[in-house]
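The values are calculated or read from the model by the stated rules, or taken from the named source; none is laboratory data. Keep in mind that what you see is a predicted model, and the values were worked out from it rather than measured. Methodologically, a virtual Cβ is constructed for each residue, glycine included, from the backbone with ideal geometry; neighbour enumeration extends over all protein chains shown. Only protein heavy atoms, including side chains, enter the accessible area calculation; ligands, DNA and RNA are left aside. Shrake-Rupley method; radii C 1.70, N 1.55, O 1.52, S 1.80 Å.
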Amino acid sequence: PDLPLLLSLEDFNDETRKATKTAIFRERTIQQAQAPRFAETPKDALVLALNATGRADLATMEALLSRPPEEFLPELKGMVYRNPQSEQWETDDQYLSGDVRSKLEDARAAAAADAQYRENVTALEAVQPADLSASEIDARLGAVWIPATDIEAFARTLLDSEGVTVQHAAAIGTWFVKADYAARGTVANTTEWGTTRYSAIELIQDALNLKTPTVYDSDPKTDARIINAQQTEGARDKMDKIKERFKGWVWEDDERRERLCRKYNDEFNSIRLRVFNGSHLTLPSSSQQIQLHPHQKNGVWRIVQSDNTLLAHVVGAG
């Protein structure tokens with residue numbers, strides 16, 4: 001079991017079949033960390049501060065440069081930004097990532113009161129995700145981002161009746177579809193979009209709640225419930241037609257299309273992934289005989305900067 005420890009004392013060349021002593025026989029392989037005392041440029045100070053503290057720490061940079069922040073911050077324009085929410089300085093890769101749409105709203109509000117945040121607005125505007133068009137958005141029946149008022153308008157159009165109401169209980173994640181006597185008695189409800197055993201109103205409610213319609217009969221002998229295959233198949237076919245009709249209907253009206261596209265992009269197409277760059281890391285107290293690859297340093301930096309990280313390499317790829 002101690003063989004790996006013994007083999008670590010030599011570097012073996014498989015081609016020449018010869019071994020040489022490792023560096024531990026001739027030099028210190030682990031050096032005591034030497035904290036830098038000064039930096040020549042603000043960029044160097046930023047790199048050293050990130051390596052030492054993991055963030056754009058102005059106090060550390062001030063000590064390294066022997067200059068106040070108001071002198072060296074202009075030279076770091078585009079590299080660091082002050083977050084108006086936390087009032088902390090952040091690197092460009094940190095600030096210009098995440099929910100950049102909400103960050104842009106915050107920056108615009110801050111810029112209205114303080115001109116220093118105008119560069120935040122300009123930088124955030126440049127990294128906004130491109131809006132998705134209606135053809136790129138899957139607006140299915142039951143998607144919670146579509147307002148209940150639009151679902152209600154669809155149901156009323158489908159059944160050609162104003163006696164339909166649709167509500168969504170967000171707390172329990174359930175949709176409710178109610179209809180008056182006139183709406184329940186329409187041909188569209190019982191024949192065109194529904195069946196005699198499963199009305200269109202029931203099918204719409206099931207579709208909204210991601211349920212599959214099933215029609216049951218009672219066994220006259222055992223009084224047990226058995227599936228009526230023919231009626232079930234008919235109800236499911238009608239549900240598929242309702243879903244397809246909704247996909248076309250939801251984008252037909254210009255006002256509704258623009259409103260829903262804006263809502264979807266603002267709520268779901270607002271994230272910009274952060275690119276982690278750990279090239280500045282010196283990894284003090286580690287062996288200088290081992291040089292990490294760039295992707296390994298990037299992984300270390302991601303661990304330092306993120307609350308959770310999964311290094312999902314295949315076996316042997318480390």
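Across the range 187-208, what is the total count of residues that are surrounded by fewer than 14 Cβ atoms within 10 Å (Cβ to Cβ) and out of contact with any helix residue (DSSP H, G or I) (no Cβ under 8 Å at 6 or more places or on another chain)?
Just the residues of the range 187-208 that are surrounded by fewer than 14 Cβ atoms within 10 Å (Cβ to Cβ), to begin with: 187, 191, 196.
Then drop every residue that is not out of contact with any helix residue (DSSP H, G or I) (no Cβ under 8 Å at 6 or more places or on another chain), which leaves 187, 191.
Residues that pass the stated criteria total 2.
Inspect the range 151-162 for any residue being among the hydroxyl-bearing types (Ser, Thr, Tyr), assigned to a helix (DSSP H, G or I) and closer than 20 Å to residue 240 by Cβ and give the result as yes or no. I'd like the intermediate steps shown before the answer.
Of the range 151-162, the ones among the hydroxyl-bearing types (Ser, Thr, Tyr) are 157, 161.
With the extra rule that they be assigned to a helix (DSSP H, G or I), the set shrinks to 157.
Now narrow it down to the ones that are closer than 20 Å to residue 240 by Cβ: 157.
The answer is yes, given that some residue of the range 151-162 is among the hydroxyl-bearing types (Ser, Thr, Tyr), assigned to a helix (DSSP H, G or I) and closer than 20 Å to residue 240 by Cβ.
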ask   = Restricting the range 112-128 to residues that are over 20 Å from the mean Cα position of the chain (by Cα) and among the small types (Gly, Ala, Ser), which is least open to solvent (accessible area, probe 1.4 Å)?
value = 123
note = Pairing a residue in the range 291-318 that is free of Cβ contacts under 8 Å to residues at least 60 places away in the same chain with any residue that is open to solvent by 100 Å² or more (accessible area, probe 1.4 Å) and basic (Lys, Arg), where Cβ atoms lie under 8 Å and the two sit 6 or more apart in sequence or on different chains, gives 309/302
task = Scan the range 66-111 residue by residue and report those that are of a type in the set (Asp, Glu) and open to solvent by less than 30 Å² (accessible area, probe 1.4 Å).
result = 90
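Considering only helices (runs of 4 or more DSSP H) fully contained in the range 49-137, which possess at least 1 residues that are of a type in the set (S, T, N, Q) and free of Cβ contacts under 8 Å to residues at least 40 places away in the same chain? Walk me through it before giving the result.
Details: elements: 58-65, 69-72, 92-95, 100-113, 118-126.
Result: 58-65, 118-126.
In the range 250-262, is there at least one residue being in contact with a Lys or Arg (Cβ under 8 Å, 6 or more places away or on another chain), touching a residue at least 24 places away in the same chain (Cβ under 8 Å) and hydrophobic (A, V, I, L, M, F, W, C)?
Looking for residues that are in contact with a Lys or Arg (Cβ under 8 Å, 6 or more places away or on another chain), touching a residue at least 24 places away in the same chain (Cβ under 8 Å) and hydrophobic (A, V, I, L, M, F, W, C), one finds at least one in the range 250-262, hence yes.
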Test set (1) surrounded by fewer than 13 Cβ atoms within 10 Å (Cβ to Cβ); (2) within 30 Å of residue 158 (Cα to Cα); (3) more than 16 Å from the chain's Cα centre (by Cα) - residue 261 fails condition number = (1)
ask   = Residue check, residue 59 against (1) of a type in the set (Gly, Ala, Ser); (2) open to solvent by less than 40 Å² (accessible area, probe 1.4 Å); (3) within 38 Å of the chain's Cα centre (by Cα), all met but one. Which one?
value = (2)
Of residues in the range 216-236 being open to solvent by 70 Å² or more (accessible area, probe 1.4 Å) and of a type in the set (Asp, Glu), the one modelled with the highest pLDDT = 233
inquiry  = Looking at 250, 275, can you tell me which residue is within 30 Å of the chain's Cα centre (by Cα), crowded, with 16+ Cβ neighbours inside 10 Å and among the aliphatic types (A, V, I, L, M)?
reply    = 250
